[in-house]
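Novice: I have a structure I would like to understand better, so I am pasting it below and will then ask my questions one at a time.
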Amino acid sequence: MPASIFARHYSTLSAAARPARDDAEAFDNHVLASILAAALTEEATSGIGAIDGLGLSQTELDRLVCHCFPSYAATELAGFEPGEPAEEEALLVDLLLAHRSGPEPVATWLATLIARRAMRPDHLWQDLGLNDRGELNRLLARHFQTLHTGNTGNMRWKKYFYRVLCEAEGFSLCAAPSCAVCTDFNDCFGAEDGLSRLADLRRRVEQAA
């Protein structure tokens, strides 16, 4: 069961986390544990290597684990180097790096992690293993503040990232003259609902009880 695999990895990582000095650091630990657990779950269910699912080099991943999860036995996060990023992923990394506002080196790691996970097919908060879009908003507000502030219409984050990248290249993401008259409005601004992996696990446990 993917949800139980995710919960096992998340629990192990959380238990190995460096003690947080405040709520902000505790949130960072939660975010990073979620992202790593999502990649490890993907590896177990699809065969995509966890390192390839994270985008960080083995050296940087080792640094992240040592810095944030010093008690974690990272044997499951060892393997081949990640595949080279596609052009759109590389552009997204650069965009995120340009808007860094959170503490280092976490913000730099997150730029790569978010860009790689954004290549997955679900809502971004789900790709990152987070509980809901609210956590994603908090993450982006903390570590990429100006980018977060620019999304004044609460556009879906993947759509917003691509919109910013397209505007930087001098062309529009879509042909509609404005969002107000676009027939695909809900595709950009519709609710990002659906159960996260942890929420799905809780639901299954409650149903079984």
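Novice: What pairs come up if the first residue lies in the stretch 45-56 and is over 14 Å from Gly129 (Cβ atoms), the second is open to solvent by 10 Å² or more (accessible area, probe 1.4 Å) and assigned to a helix (DSSP H, G or I), and their beta carbons are under 7 Å apart, counting only those six or more places apart or on different chains?
Specialist: Ile48/Glu42; Gly49/Glu43; Ile51/Gln58; Gly55/Thr112; Gly55/Arg116; Leu56/Thr112
Novice: Right, here's the next one. Does Leu13 count as touching a Phe, Trp or Tyr at 6+ places or on another chain (Cβ under 8 Å) and farther than 30 Å from Ala168 by Cα?
Specialist: Spelling it out, Leu13 is indeed touching a Phe, Trp or Tyr at 6+ places or on another chain (Cβ under 8 Å) and farther than 30 Å from Ala168 by Cα.
Novice: When the residues of the stretch 54-84 are filtered to those that are in contact with a Gly (Cβ under 8 Å, 6 or more places away or on another chain) and open to solvent by less than 60 Å² (accessible area, probe 1.4 Å), which remaining residue is farthest from Thr41 (Cα to Cα)?
Specialist: Ranking the qualifying residues of the stretch 54-84, first place goes to Gln58.
Novice: Is the stretch 83-101 home to any residue that is among the small types (Gly, Ala, Ser), on the phi < 0 side of the Ramachandran plot, assigned to a helix (DSSP H, G or I) and in contact with a helix residue (DSSP H, G or I) (Cβ under 6 Å, 6 or more places away or on another chain)?
Specialist: no
Novice: Only one residue in Ala26, Ala98, Ala16 is more than 16 Å from the chain's Cα centre (by Cα), open to solvent by 50 Å² or more (accessible area, probe 1.4 Å) and at pLDDT 95 or above, so which one is that?
Specialist: Ala98
Novice: Do we find a residue being in a helix (DSSP H, G or I), at pLDDT 95 or above and under 30 Å from Arg8 (Cβ atoms) anywhere in the stretch 142-163?
Specialist: yes
Novice: Moving on. Residue by residue through the stretch 85-95, note down the ones that are touching a residue at least 60 places away in the same chain (Cβ under 8 Å) and open to solvent by less than 60 Å² (accessible area, probe 1.4 Å).
Specialist: Leu92, Leu95
Novice: Moving to a separate point now. Any residue in the stretch 126-148 that is among the hydrophobic types (A, V, I, L, M, F, W, C) sitting within a Cβ distance under 6 Å of a residue that is open to solvent by 40 Å² or more (accessible area, probe 1.4 Å) and in a loop (DSSP other than H, G, I, E, B)? List the pairs, counting only those 6 or more apart or interchain.
Specialist: Note: pairs meeting the criteria are Phe144/His99; Leu147/His99.
Novice: Would you point out the residue of the stretch 59-75, among those that are not in a helix (DSSP H, G or I) and not polar (S, T, N, Q), that is farthest from Arg21 (Cα to Cα)?
Specialist: Among those that are not in a helix (DSSP H, G or I) and not polar (S, T, N, Q), it is Ala73.
The values are calculated or read from the model by the stated rules, or taken from the named source; none is laboratory data. Small disclaimer: the values here were computed from a predicted structure and weren't measured. Cβ coordinates were reconstructed from backbone atoms using ideal geometry, including for glycine residues, and neighbour counts include every protein chain displayed. Heavy atoms of the whole protein, side chains included, go into the accessibility calculation; ligands, DNA and RNA do not. Shrake-Rupley method; radii C 1.70, N 1.55, O 1.52, S 1.80 Å.
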